[in-house]
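Reviewing the structure listed below.
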Amino acid sequence: MAVASVSERAFDVLVVGAGPAGAYAAVTAAKAGLTVALIDKARFPRDKLCGGLFTGRARNVFSVIHGHDIDMALFDQHSALEFFFHGTSLDRMQDVPPMFTTMRRPFDASLRDLALAAGAVDFAGQRIANVETGPNCLGLADGTRLTGRILIGADGVNSMVARALFGQAYDRATIGFALEVETEALHLRPGGDLQVSFGAVKGGYGWSFPKRHSTTVGVGGPVALTPNMRPGLDRYLSDCGIPSAACTVKGHLLPVGDFRAVPGQGAVLLAGDAAGLVDPVTGEGIAHAMQSGQFAALSALEALASDAPATVLDLYRARLRDMHRGLRMARQIRHVIYARPLQASFARSFRNSTVLKAMYLDVLAGRAEYTALFRAVLRRTPRLILRAARQTILPAHVGR
């Protein structure tokens, strides 16, 4: 019986996943002269569930990596943002730092094209049959074997690479979930206000992000607190004046509130959503994905230059240190914002504090890190706790 020949190709770096994290790992490594395989099960362009908020932080990351601005034709620009709490407006802020929305289909395709133009070898539309993390080998469904001195898993929250390393892609106790619809409701105009609604679901928030042809409306939060988010989505759609019966609802896991402190093993790294690098306050993941992909590639370049692939994880963790610190601070802020006893008090403080709102916008715009916002929230936390206690305890005491 004849045995089919197996094709095997060797690379310096294998990158699994061609979204923002994978594309930036591939473009950085390829520009530096490494041989790179970029593998994704989808053919591009492809759709991706996402609110599509592209912040100033993400724009800054692109400019640093490429030395020029991103193609702004991909985006709709917004200069007003309205905050809500359980359907009640906290404030509408005009002339905010520029924020942008995009559809992931053209955006992700453009990033992947940059990686291919830099020299990455395209393995789009190729399903991975097995992952071996000892010799860093990927077996593709068509029988091809790809080997790499370093493997970067940028394959999202359901990462095959993370499962191969740790037995599971994410922690079920901390994972989040989001439900979204794309609506063409006439009253939601392109270029209109971005909307963020704290408390739309327990432990989470809702968003309405207008784009040129549609508006993405959704809710998201920790699964442990809200196992069924559909009622919360229906309420939020009603607040936005959108009949839920007319919408196609889609859902996806969202790694908010947690990240892998050790994002890999040996010569295998995780980047972007696969490493849990999503902002637990805003839910933004694009900027962290792009930057972590770059960091992973720079670490690979340094490790391979020393002919020491096994050192890549330590190099990567050092580059991620500031990002991890910011995410830890954001996680603490999240506990204050979304803790049920503190929500009403926080909403009142947020509405009355121009400082808090300005700091929040500066973080989104990439003009500030979480350090200042964390300190500002921390200073207000004792007052929030006292106010919440008065609201829940004192009325009962007075009535006796």
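The table for this structure:
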quantity	calculated
Derived scalar couplings ³J(HN,Hα) [segment 266-281; Karplus, 6.51 cos²θ - 1.76 cosθ + 1.60; whole Hz; x for Gly, Pro]	x, 9, 10, 10, 10, 9, x, 4, 4, 9, x, 8, 10, 4, x, 8
Mean separation of Cα contacts under 8 Å, 6 or more apart, over the residue count of segment 45-162: relative contact order %	19
Two-site FRET efficiency, Glu132 against Lys250, from Cβ-Cβ distance with R₀ of 51 Å, rounded to 0.05	0.95
Tilt relative to the chain, helix 104-118 - C-alpha long axis, 0 to 90 degrees, to 10	30
Unit Cα scatterers, Debye sum, the chain: log10 I(q)/I(0) for q = 0.06, 0.13, 0.14 Å⁻¹	-0.25, -1.08, -1.22
Inter-centroid distance (Cα atoms) of segment 249-316 relative to segment 105-140, Å	16
Relative contact order of the chain, pairs being alpha-carbon contacts under 8 Å that are 6 or more residues apart, as %	19
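Computed from the coordinates by the stated procedures, all read-outs in this text should not be read as laboratory data. Nothing here was measured: the structure is a model prediction, and the numbers come from that model. Note that each Cβ is placed from the backbone with ideal geometry, even for glycine, and that neighbours are counted across all protein chains shown.
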